[in-house]
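The values are calculated or read from the model by the stated rules, or taken from the named source; none is laboratory data. Bear in mind that the values here come from a model prediction, so they are computed numbers and not experimental data. Cβ: placed from backbone, ideal geometry, glycine included. Neighbour counts: every protein chain shown. Heavy atoms of the whole protein, side chains included, go into the accessibility calculation; ligands, DNA and RNA do not. Shrake-Rupley method; radii C 1.70, N 1.55, O 1.52, S 1.80 Å.
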Amino acid sequence: MRPRLTPRIRRARMTRLKVALTSVVVGGLALGTVGLSNVTATAGTTASATTVSGTQAAAAQEYRRGPDPTAQSVEAATGPFAIQQTSVPAGNGFGGGTIYYPTDTSQGTFGAIAISPGWTEDQSAIAWLGPKLASNGFVVMTINNNNAFLDFPDARGTQLLAALDSLTGQSPVAGRIDKNRLAVAGHSMGGGGALRAAATRPEIQAAIPLTPWHLNQDWSSVRVPTLIVGGETDIIASVGAHSEPFYESLTNAPERAYLEMEGQGHFVTNSANPTVGRYVLSWLKRYVDNDTRYEQFLCPAPAPSSVISEYRDSCPGS
Ligand code: 9J3
């Protein structure tokens, strides 16, 4: 039994209001405020959505990149964009890494994500997410930590923020990135780092801790949409001591979800996994790009299955 949450109630109200509003289709046209209308556009173009939260109207522009997704496409190892990759040397506050990026420059800028490995690991631990996410329209940097053994989660969080600053600052792909649409993720101590980075920098649009490990269990300071992935049988970062209390503490995150992988351990997120890939990609699309086409892959919550032991979320009505 989860506590009822203010953000969830607000979100549900907002959804009811949106349903009551007129839908206006405007292909590729940038509009200012259109009263209380929802504005959508055809796939591949930029859309604006004007919604209402409480008494205040707030614009949430959609940044759709790529064709309409399907249940197959979100689970595939790679997406529709051709990509390239480039190595980043150590320095600038983190241990270097690899940037994966779409070659397409015809659709405007992309959101960007920095991803940290965990204790003893290097970027190879989370490398599968580079091609997966970049080929779906994100600039991705998988990083090495300054010290794979000595860096605790908060240090990894600082390094994730340094990696984002590097991506949007001096990196060769800076011009391809929308610096207002950034995200963080990480495995284990890197996942704890992603939580710390999100708590430190609330402008971040999405955080995805993967079988996260951290000694702090209170993440009520996080105000970033956060998806936590846990492994049911993880004995290194047990979900009972890590992912689950982390999720339950995220009472001030505007949206949150907890995906628990049935019968899987600490390293379930260290290699290509269709289900993890579906939720990670959909979370980034939904909250970094505001791409509502991906909402169908997040809400309603999946029922328990042979793959998913448990799923908790802030979906409207759940
Ligand atoms: O980053 C991780 O895999 C967490 C490992 C761990 O249990 O650290 C304990 C000090």
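Descriptive notes on the structure:
- Failed item, numbered, when residue 144 is tested on (1) within 16 Å of the ligand (Cβ to nearest atom); (2) among the polar types (S, T, N, Q); (3) under 20 Å from residue 272 (Cα atoms); (4) within 19 Å of the chain's Cα centre (by Cα): (4)
- All positions within the range 77-111 that are more than 17 Å from residue 141 (Cα to Cα), in contact (Cβ under 8 Å) with a residue 40 or more places away in the chain and out of contact with any helix residue (DSSP H, G or I) (no Cβ under 8 Å at 6 or more places or on another chain): 80, 107, 108
- Failed condition for residue 273, given (1) open to solvent by 10 Å² or more (accessible area, probe 1.4 Å); (2) more than 20 Å from residue 129 (Cβ to Cβ): (2)
- For residue 311: the one exception among (1) surrounded by fewer than 23 Cβ atoms within 10 Å (Cβ to Cβ); (2) in a loop (DSSP other than H, G, I, E, B): (2)
- If the condition is being within 16 Å of the ligand (Cβ to nearest atom) and acidic (Asp, Glu), then the range 99-133 contributes 121, 122.
- Selection status of residue 185, of a type in the set (Gly, Ala, Ser) and in a strand (DSSP E or B): yes
- Taking the criterion of being closer than 21 Å to residue 119 by Cβ, more than 14 Å from the ligand (Cβ to nearest atom) and either surrounded by 24 or more Cβ atoms within 10 Å (Cβ to Cβ) or outside the structural domain of residue 284 (by TED's automatic domain parsing) (or both), the only residue of the range 227-240 that qualifies is 228.
- Within the range 241-260, being open to solvent by less than 10 Å² (accessible area, probe 1.4 Å) and within 16 Å of the ligand (Cβ to nearest atom) holds for 243, 246.
Table: residues versus (1) of a type outside the set (A, V, I, L, M); (2) in contact with a strand residue (DSSP E or B) (Cβ under 7 Å, 6 or more places away or on another chain); (3) at pLDDT 95 or above.
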residue	(1), (2), (3)
198	no, yes, yes
208	no, yes, yes
218	yes, no, yes
243	yes, yes, yes
249	yes, no, yes
267	yes, no, yes
280	no, yes, yes
288	no, yes, yes
292	yes, yes, yes
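- Those residues of the range 212-226 which are aliphatic (A, V, I, L, M) and within 14 Å of the ligand (Cβ to nearest atom), in sequence order: 215
- Qualifying residue in the range 159-168 (condition: within 16 Å of the ligand (Cβ to nearest atom), part of a helix (DSSP H, G or I) and not acidic (Asp, Glu)): yes
Residues are listed down the side, and each one gets a yes or a no for (1) over 21 Å from the mean Cα position of the chain (by Cα); (2) assigned to a loop (DSSP other than H, G, I, E, B); (3) surrounded by 15 or more Cβ atoms within 10 Å (Cβ to Cβ):
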position: 62; (1), (2), (3): no, no, yes
position: 65; (1), (2), (3): no, yes, yes
position: 68; (1), (2), (3): no, yes, no
position: 72; (1), (2), (3): no, yes, no
position: 78; (1), (2), (3): no, yes, yes
position: 81; (1), (2), (3): no, yes, yes
position: 86; (1), (2), (3): yes, no, no
position: 99; (1), (2), (3): no, no, yes
